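Just so you know, all these numbers are worked out from the coordinates, no wet-lab data involved. Computed from a prediction, not measured in an experiment: that's the story for all the values here. Cβ sites come from the backbone with ideal geometry, for glycine too, and all protein chains shown count toward neighbours.
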Amino acid sequence: MIRHRLRGDAGQAFPIYITVVAGLLFLAFAYFAVGQAAALRNGAQTAADAAALAAAQDVRDQMYDGFLDAVEEEDAWEDWLGGGGLTGVDEGAACAQAADFAARNSSSVNPCQCSEEECTVAVHTDSSIGKTIVPGTEGTRGEADATAVVEPRCRVETGDTDSIEFSCDGEDWIIDPDDLDDSDVLPEAADLFSVYLTE
């Protein structure tokens with residue numbers, strides 16, 4: 001009688017055991033899908049950050065080249081240092097750099113917008129999450145956006161002088177317009193402009 005009851009209890013517990021195991025497996029697969037989505041999102045953010053920085057650095061280089069040209073031509077070089085010398089950046093060139101860096105991270109850019117102050121880039125990953133236990137996620141791609149700022153670092157020194165004098169974050173520069181070939185006295189683009197991601 002007792003043995004029969006034990007076997008009966010075991011038989012009743014078996015379906016409950018199967019249900020619990022099935023539920024745990026479902027949760028495990030669901031957490032796995034969430035993990036895949038998070039990894040894809042992180043990859044997209046990495047691609048967006050790299051693309052925005054690349055585009056902003058291209059804008060910085062454009063402004064640096066404009067500054068050197070203005071110095072050589074004795075034009076209004078002060079405007080370039082202040083970030084106001086461009087009538088419009090070559091957005092196509094900057095965004096081409098963004099697309100290149102996004103591709104290195106298996107992503108595509110759309111859209112990309114650049115000005116002399118900042119570049120904003122949105123990307124989506126080339127790969128999707130794939131098949132998971134969660135319906136409708138197969139074609140989901142990682143998406144992210146980022147903005148990088150181009151910020152002037154220099155302050156123009158006032159006074160009558162034939163030389164070009166300015167200070168960038170406490171470092172003084174004096175350039176002779178007639179001796180631009182002397183690379184030892186020329187600042188780099190990074191000395192004149194900082195590039196960083198916004199929060």
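Under 5 Å between amide hydrogens, built in the peptide plane, is the criterion, and for G142 it picks out T125 among residues at least 5 positions away or on other chains.
Report note on the peptides 111-124, 47-60, 164-177: ranked by the mean count of other C-beta atoms within 10 Å, highest first, their order is 47-60, 111-124, 164-177. Taking 7 Å steps out from each Cα toward its Cβ at S128 and Q113 produces label points 2.9 nm apart.
Each Lys or Arg adds one and each Asp or Glu subtracts one; over the other residues with Cβ under 9 Å from the Cβ of A48, this totals -3. Near G170: Cβ cut-off under 12 Å, other residues only, Lys/Arg at +1 and Asp/Glu at -1. The net charge is -2. Annotation for the stretch 54-113: GluC sites (Glu not before Pro) lying in DSSP loop with at most 11 further Cβ atoms inside 10 Å of their Cβ are E73, E74.
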